[in-house]
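Quick notes on the structure that follows.
The values are calculated or read from the model by the stated rules, or taken from the named source; none is laboratory data. Treat the numbers as computed from the prediction; the structure is a model and nothing was measured. Here Cβ is always computed from backbone atoms with ideal geometry, including for glycine, and neighbour counts include all displayed protein chains. Heads up: the accessible areas ignore ligands, DNA and RNA and are worked out on the full protein's heavy atoms, side chains in. Shrake-Rupley method; radii C 1.70, N 1.55, O 1.52, S 1.80 Å.
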Amino acid sequence: MGRAYQNRKLSMAKTAGAKTKVYSKYGKAIYVCAKNGGLDPEGNLALRGLIDKAKKDQVPTHVIENAIKKASGAGGEDYAEARYEGFGPGNCMVIIDCLTDNGNRTIKDVRQCFTKTNSKIGSTGTVSHMFDHQAVFAFKGEDDESVLENLMMADIDVTDVELEDGIITVHAPHTEFFKIKTEFANSMPEYDLEVEEITWVPQTYTEITGEEDTANFEKFIAMLDDCDDVQNVYHNAELPEE
């Protein structure tokens, strides 16, 4: 699972797009999180995690502060969460999370990404049952057994800890995210967490083969990245190594 997961992260990183788009997406997510759960990161763990992730992706402090400040005012934008599922190029499975203030616009934009790449959008639950909603942490290290022992001693529910090519990957139920993050800070500060997120992890992977499917997949991801309302894309595609 580790290697495929890292490959998926790499494929998504290649489509990060312009920094302004990344900043905009984080700004919107932080605004919604702060407005719904409170402005103080100490009392709003989801906000604290989102801010940490934004900083790791080099989002400027003023973008983060402006989003929180905006959330403190009355009125403003009214964003709603929307999730779309379907089958992408090569019959891979895809979950798309959005934040939108116009559902009709968003579904039209997302549907177009499917239509123009020989893909098929489905209804809610079409593919999500083939993914696990998990907390995932990845970092350089060699002693996966001691990591597992430390987490278990802290009474944390861990799904899997694996070591591959000098990278340790921890998988756990998404509800354990902040307990694990706190445990690393307290008892394993020597590890620099390169990946720390709540994500949808596929139970199986679909290898994308053939020039047409590969080209369509890259186009599909690029089109989704261009959609302002799309926040995150999860898939089970495994691309051929370059």
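For segment 34-58, a residue qualifies if it is closer than 21 Å to residue 185 by Cβ, hydrophobic (A, V, I, L, M, F, W, C) and open to solvent by less than 50 Å² (accessible area, probe 1.4 Å), and the qualifying residues are 47, 50, 51, 54.
Which one of these is open to solvent by 20 Å² or more (accessible area, probe 1.4 Å), free of Cβ contacts under 8 Å to residues at least 60 places away in the same chain and of a type in the set (Lys, Arg): 111, 105?
The unique qualifying residue is 111.
Scanning segment 67-87 for residues that are assigned to a loop (DSSP other than H, G, I, E, B), small (Gly, Ala, Ser) and within 23 Å of residue 22 (Cα to Cα) turns up just one, 76.
Looking at segment 168-191, which of its residues are under 19 Å from the mean Cα position of the chain (by Cα) and not basic (Lys, Arg)? Correct list: 168, 169, 170, 171, 172, 173, 174, 175, 176, 177, 178, 180.
Of all residue pairs spaced 6 or more apart or on separate chains, those with beta-carbon atoms under 7 Å, a first member in segment 127-139 that is closer than 24 Å to residue 184 by Cβ and a second member that is small (Gly, Ala, Ser) and part of a strand (DSSP E or B) are 134/172; 135/172.
Apart from one condition, residue 71 fits all of (1) under 22 Å from the mean Cα position of the chain (by Cα); (2) surrounded by 13 or more Cβ atoms within 10 Å (Cβ to Cβ); the exception is (1). Kindly establish whether residue 183 is more than 23 Å from residue 150 (Cα to Cα) and without any contact (Cβ under 8 Å) to a residue 60 or more places away in the chain. For residue 183, the condition - more than 23 Å from residue 150 (Cα to Cα) and without any contact (Cβ under 8 Å) to a residue 60 or more places away in the chain - is not met. Where strands (runs of 3 or more DSSP E) fall entirely within segment 150-242, those with at least 2 residues that are open to solvent by 50 Å² or more (accessible area, probe 1.4 Å) are at 160-164.
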